[in-house]
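Q: My questions all concern the structure below.
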Amino acid sequence: MALYRANPKDGVAWITGGSSGLGRSLAKNLAAQGYAVAVTALPDDPVDTLLVETAQMPGHVKSFPCDVTDEQGMAQTVAAIEKEMGPIVLAVFNAGNYIATPGENLVVRDFHRSFAVNYFGIVNGVVPVVDYMRVRSRGHVVLVGSVTAYSGWPTTAAYGGTKAAINILAESLKYDFDKMNIRVQVINPGFVDTSLTEKNMLPMPGLMPVQRASRRMARGIRKGGFEVTFPYHISWPLKLLGLLPRPICRWVIGLTTGWKARPLNFDRKLPSKTSDEAS
């Protein structure tokens, strides 16, 4: 029997991080396909205009605000969607943040914040929604990663680390999700022109308009396999680059980004030596 793939006739699509960027554009694509779409974003993120823009589409969008880092809140959000809209057949975990982490200005809090949103924000939603899917013996879960998961890049120690963890999470869950007729996919986009990439300190070859990226994402959900990645002329060279011996991989990345020639830039003072250290 073929593994289940979500269909708008079967129930609801739930998207986290749906107030802007890729998530917002995907919500519009899914509503155009006829899905009833539940959108989760922070309570103070604007979703009203999205509701207006999708009002005349075959499907419709409803807002269920929540902070994805709130474990209990996410469980309550899943329960509310199931009660008010119907069964969640497609869950797209898209919420994420990007905090640059140059090696000379590391801040522990930046790592905690990155993993709280990008990784545990997924876990907080996957656990309760899969409980419902498991009982129904069908479901479709999509985790949004990034091509930065393939190898380490400058300033992505936190962000890339979360995306690599997402890929491992998806691979690990697939073994048992397949048995429960729950399809799991990981989508690893290249650089997409959103407010997140505006913070990027690196060159961004193949930067894609968000509407085009969301169409590729929607097509991957409809037809793609376990991993969906795009654009191919960026993602596949990066995937192959990650297979090279690490010194060669780092040399190519350093050359491509020009990072080796970049001077260190200390945003804060180094800790002063204690009297014991000074002696």
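The values are calculated or read from the model by the stated rules, or taken from the named source; none is laboratory data. If you're wondering where the values come from, they're calculated on a predicted model, not measured in any experiment. A quick note on method: Cβ atoms are made from the backbone with ideal geometry, for glycine too, and the neighbour counts reach across all protein chains shown. Keep in mind that these areas ignore ligands, DNA and RNA; they rest on the heavy atoms of the full protein, side chains included. Shrake-Rupley method; radii C 1.70, N 1.55, O 1.52, S 1.80 Å.
Q: Within the stretch 193-203, does at least one residue satisfy the condition of being open to solvent by 100 Å² or more (accessible area, probe 1.4 Å) and modelled with pLDDT of 85 or more?
A: no
Q: If I filter the stretch 229-245 down to residues being part of a helix (DSSP H, G or I) and free of Cβ contacts under 8 Å to residues at least 40 places away in the same chain, which single residue comes out as least open to solvent (accessible area, probe 1.4 Å)?
A: For the stretch 229-245, the residue satisfying everything is Pro237.
Q: Regarding Trp251, is this residue out of contact with any Gly (no Cβ under 9 Å at 6 or more places or on another chain), under 20 Å from Gly152 (Cα atoms) and surrounded by 16 or more Cβ atoms within 10 Å (Cβ to Cβ)?
A: no
Listed here are the residues, each with its yes/no results for (1) of a type in the set (Phe, Trp, Tyr); (2) part of a loop (DSSP other than H, G, I, E, B); (3) at pLDDT below 95; (4) open to solvent by less than 60 Å² (accessible area, probe 1.4 Å).
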position	(1), (2), (3), (4)
Arg5	no, yes, no, no
Ile15	no, no, no, yes
Ser25	no, no, yes, yes
Ala38	no, no, no, yes
Leu42	no, yes, yes, no
Val78	no, no, no, yes
Glu82	no, no, no, yes
Thr101	no, yes, yes, yes
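Q: When the residues of the stretch 46-61 are filtered to those that are surrounded by fewer than 17 Cβ atoms within 10 Å (Cβ to Cβ) and not hydrophobic (A, V, I, L, M, F, W, C), which remaining residue is farthest from Ile15 (Cα to Cα)?
A: Selected residue: Gln56.
Q: Looking at (1) open to solvent by less than 30 Å² (accessible area, probe 1.4 Å); (2) of a type in the set (A, V, I, L, M); (3) part of a helix (DSSP H, G or I), can you tell me which one Val123 breaks?
A: It fails just one condition, (1).
Okay, residues lined up against (1) closer than 22 Å to Val126 by Cα; (2) touching a residue at least 60 places away in the same chain (Cβ under 8 Å); (3) touching an Asp or Glu at 6+ places or on another chain (Cβ under 9 Å):
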{"position": "Leu22", "(1), (2), (3)": "yes, yes, no"}
{"position": "Pro43", "(1), (2), (3)": "yes, no, yes"}
{"position": "Gly73", "(1), (2), (3)": "yes, no, yes"}
{"position": "Ile99", "(1), (2), (3)": "no, yes, yes"}
